[in-house]
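A short worksheet on the structure shown next.
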Amino acid sequence: MKRLSAAIVASAGVVVMGACTDASRVVNPSTTVDLAPSYTQTPDNAQEKHIAFVPTKQKADAERAARGKPGGGGTGISYHGGPVLQAGTKVVAIYWNATPIYNGGPAAGTTGAGTADGSLIGHFLRSLGGTPYFGINSTYKDGSGRAIVNSVAYTSYWANNTSAPTGTQTITDAQMIAMLQSGINSGQITYDASTLYLIFTAGQVNLGGGFGTQYCGYHTHGTVTDGGVSKVALYSAMPYDYGFPSACTNGTASPNGDPGADGEVSVLAHEIEETTTDMLGSAWFDNRGYENADKCAWTFGTTYTTGNGGVANVNMGGKDFLVQRNWKNSGSGGCFML
């Protein structure tokens, strides 16, 4: 996602907004500098707020045309000392809606293991880790020089139908963090420092305030309390990208005959990749603030036609998907699928 200098309203840390291109670095939390989305939010504490988001396709294309390939020395991306999810990434899906958001998804009001999620989103999350595609993240290392492990574990889901947002309702980061806190308090989700909590909503619910006009999703972090102790929770705002198909999907035929889920997976991959290599916005990014997935936003490389006439560029777990490429941190760098 694009990093922006801004103050963010949230009960917690950093916001990295996602279907990202890339972002500028956060400076002082009490000032707003060059904030791409045309909204200003007020900090709720003294922590710096980090925003990195996936821009809409139009914004990404315009920026790419104006700037060309993101700059930087060597591979064009460098390490800034922050933490990464070196030992593997865990994900929890939170479907925040009164009814299932995706075909075959969990019934509202239920929780369960990731293996029980029958949606295409569930299949994708179970299949992403261990692939050559996700293995691109292994070209990134932690501060001790250890390569990131090619692993994604879909541990559980929560189909949360409590106070579920509807229509074009705007949901702030403070509200998302409060929702996560409610899930921890009630035992619907378990806190884990290496878990990315994916917050999915339906229709045109406006997670964060700029969905469909400025971005298509984002990743960030906030402060929650677990066992009476304040802890950092990683989360990603994953609005329903097919709600704005021209801005937040590639506009090609659905490879699985499920446009909603097929339109979501590219942004989903983007946010998981960026959280893995730049979990707090202080690890891997280039001299423009672009994270690994930002540098390849809305580029897909070689594609093929699926049996149903859809367009895809990768097969994971026996299903075809169209996902954006990722930036390889080796050689002279570049956008690749493996």
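The values are calculated or read from the model by the stated rules, or taken from the named source; none is laboratory data. These numbers were taken from a predicted model, which means no experiment stands behind them. With ideal geometry, Cβ positions are generated from the backbone for all residues, glycine too; neighbour counts draw on all protein chains shown. Each accessible area value is taken on the protein alone, full model and side chains, heavy atoms only, with ligands, DNA and RNA left out. Shrake-Rupley method; radii C 1.70, N 1.55, O 1.52, S 1.80 Å.
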What is the spin-label model distance, in nm, from A193 to A107 if the labels are put 7 Å beyond Cα along the C-beta direction?
-> 3.8
Could you tell me the accessible area of R146 in Å² (1.4 Å probe, neighbours in place), rounded to the nearest ten?
-> 130
Nonlocal amide H pairs with F53, under 5 Å, H built at 1.01 Å | K2, R3, M17, T21
R0 of 22 Å, Cβ-Cβ distance A62-T303: FRET efficiency to nearest 0.05 | 0.50
Over region 220-321, relative contact order from alpha-carbon pairs under 8 Å, at least 6 apart, % = 23
Using a 10 Å cut-off on Cβ atoms, rank the peptides 81-93, 284-296 from the highest mean neighbour count down.
-> 284-296, 81-93
For H221, enumerate residues with amide H under 5 Å from its amide H, sequence gap 5+ or separate chain, H modeled in the peptide plane.
-> V14, V15, V16, Y235
Tell me, what % of the accessible area of region 214-338 is carbon and sulfur with a 1.4 angstrom probe?
-> 52
T162 versus S78, label points 7 Å from Cα toward the beta carbon: distance in nm?
-> 4.7
Distance in Å, no decimals, from the C-alpha centre of region 200-247 to the one of region 87-153 is 16
Between the modelled labels at Q169 and D226 (7 Å from Cα along Cα→Cβ) the distance in nm is 2.7
